[in-house]
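What follows is a set of notes on a single structure, which appears directly below.
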Amino acid sequence: MTNRPRIGTMFGALDGTTFMGIPSATPDNLAFTSVVFGAPCATPYESVGAYCAAAPDAIRASVSGFTSTLSHFDFDLGGPMFPFGVDAADLGNLAYDESDGAGNRDLIRNTTRAILEAGAVPVVIGGDDSIPIPMLQAFEGHSNVTVVQIDAHIDWRDEVRGEVWGLSSTMRRASEMKHVENIIQVGQRGIGSARPIDHQAATDWGVKFVSARQVHSSGIQQAIELVPAGANVVIALDCDALDPSIVPGVIGRSPGGLTYWQVVELLHGIAGKAKIAAFDLVEFMPDADVDAIGALNNARIICNVLGLVTRQANSN
């Protein structure tokens, strides 16, 4: 079918390149409550390359039809996304080079640090799941953090074929950062890169696991209860944590994933007892998506994050 109707035509949406039509940020102007930026690639494995590089733009495009609705009632948030005025901005996508992982990591780390120093909350749209490593490194000297990773996989490999900064090592590297006080991992299921020794290493470090099976059988509240009250929480969401029926565009599909509402309830539960200090969403592969439904679910999760961050900033 050609000339497919778009919902944005009903709302008078304008074409734009920023997430939900929020203002553009620049490196010299980061004075917002939250700053979104795309990180298409950090440290790709040679075998797959930058397979998620198109994700930031695809996620933005999935909600481009709603750019004129920021003042409308958002029922997931119980009011407009930005009830106090739009205080988020989009920095656009960072440059990257598939052959220069160190350079990619430096740019992600330095950008995150600049946003933190401006007093804003970084909201990162990836990109592969090695992106949280430099994002977390940026908190060194800024604040101690609790990491809540939402993921089908635990990412505790020390290395994969000699690469120690790749997507299978994200939480192992996080555990080595002195400013990371706690790691809570939610949504594990199926088979991934982890071996029994990797799971044991995580347990020995003190990771608290809430598997997808536990969430489905006993609810998401058990994960919320593990978050220390008042903590600075970095939320790292690998979108393969969600069931492939709603986010099919991932490289490692596995049945039995979390629902949209379970992830949203987890985000709202964390925000109800602690501070969202940063957020990233990674591992979305648009080429494997179905009718952009995964992009839309991912975008709506980011909408919830932006809405929660502005509410936290204006709650005092």
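Annotations for the structure displayed:
- In the stretch 45-70, the residues that are over 24 Å from A292 (Cα atoms) and over 21 Å from the mean Cα position of the chain (by Cα): E46, S47
- Selection status of G187, farther than 22 Å from G256 by Cα, crowded, with 19+ Cβ neighbours inside 10 Å and either at pLDDT 95 or above or of a type outside the set (G, A, S) (or both): no
- Checking each residue in the stretch 202-237 for being in contact with a Gly (Cβ under 9 Å, 6 or more places away or on another chain) and polar (S, T, N, Q) picks out S211, Q221.
- The residues on offer are V233, V180, V210, and the sole one that is over 18 Å from V124 (Cβ atoms) and in contact with a helix residue (DSSP H, G or I) (Cβ under 8 Å, 6 or more places away or on another chain) is V210.
- Matching entry among S218, S254, S315 (being among the hydroxyl-bearing types (S, T, Y), surrounded by fewer than 20 Cβ atoms within 10 Å (Cβ to Cβ) and touching a Lys or Arg at 6+ places or on another chain (Cβ under 9 Å)): S254
- Residue in the stretch 225-235 that is in a loop (DSSP other than H, G, I, E, B), under 23 Å from I59 (Cβ atoms) and either under 17 Å from the mean Cα position of the chain (by Cα) or not hydrophobic (A, V, I, L, M, F, W, C) (or both) present: no
- Sole exception among (1) in contact (Cβ under 8 Å) with a residue 40 or more places away in the chain; (2) crowded, with 19+ Cβ neighbours inside 10 Å for P244, by number: (1)
- Apart from one condition, A288 fits all of (1) surrounded by fewer than 22 Cβ atoms within 10 Å (Cβ to Cβ); (2) touching a Pro at 6+ places or on another chain (Cβ under 8 Å); (3) touching a residue at least 60 places away in the same chain (Cβ under 8 Å); the exception is (3).
- Residue count for the stretch 242-267 under the criterion of being more than 15 Å from the chain's Cα centre (by Cα) and of a type in the set (F, W, Y): the result is 1.
- Within the stretch 73-103, the set of residues being in contact with a Phe, Trp or Tyr (Cβ under 8 Å, 6 or more places away or on another chain) and more than 19 Å from V124 (Cβ to Cβ) comprises G79, P80.
- The stretch 240-292, residues that are out of contact with any strand residue (DSSP E or B) (no Cβ under 6 Å at 6 or more places or on another chain), assigned to a helix (DSSP H, G or I) and closer than 26 Å to S217 by Cβ: D240, Y260, W261, Q262, V263, V264, E265, L266, L267, H268, G269, A271
- Residue in the stretch 136-143 that is in a helix (DSSP H, G or I), at negative phi and out of contact with any Lys or Arg (no Cβ under 6 Å at 6 or more places or on another chain) present: yes
- Every residue from the stretch 257-285 that is among the charged types (D, E, K, R) and surrounded by 22 or more Cβ atoms within 10 Å (Cβ to Cβ): D280, E283
Residue-by-condition table, conditions (1) in contact with a strand residue (DSSP E or B) (Cβ under 9 Å, 6 or more places away or on another chain); (2) modelled with pLDDT of 95 or more; (3) within 22 Å of D155 (Cβ to Cβ):
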site	(1), (2), (3)
S24	yes, yes, no
P27	yes, yes, no
S71	no, no, no
F82	yes, yes, no
N93	yes, yes, no
N104	yes, yes, yes
L116	yes, yes, no
V124	yes, yes, yes
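- Among all positions in the stretch 301-312, there is no residue which is among the polar types (S, T, N, Q), within 16 Å of the chain's Cα centre (by Cα), part of a loop (DSSP other than H, G, I, E, B) and within 25 Å of F73 (Cβ to Cβ).
The values are calculated or read from the model by the stated rules, or taken from the named source; none is laboratory data. The structure presented is a predicted model; accordingly, all values stated were derived computationally and were not measured. Ideal geometry is used to build each Cβ from the backbone, glycine not excepted, and the neighbour counts take in all protein chains shown.
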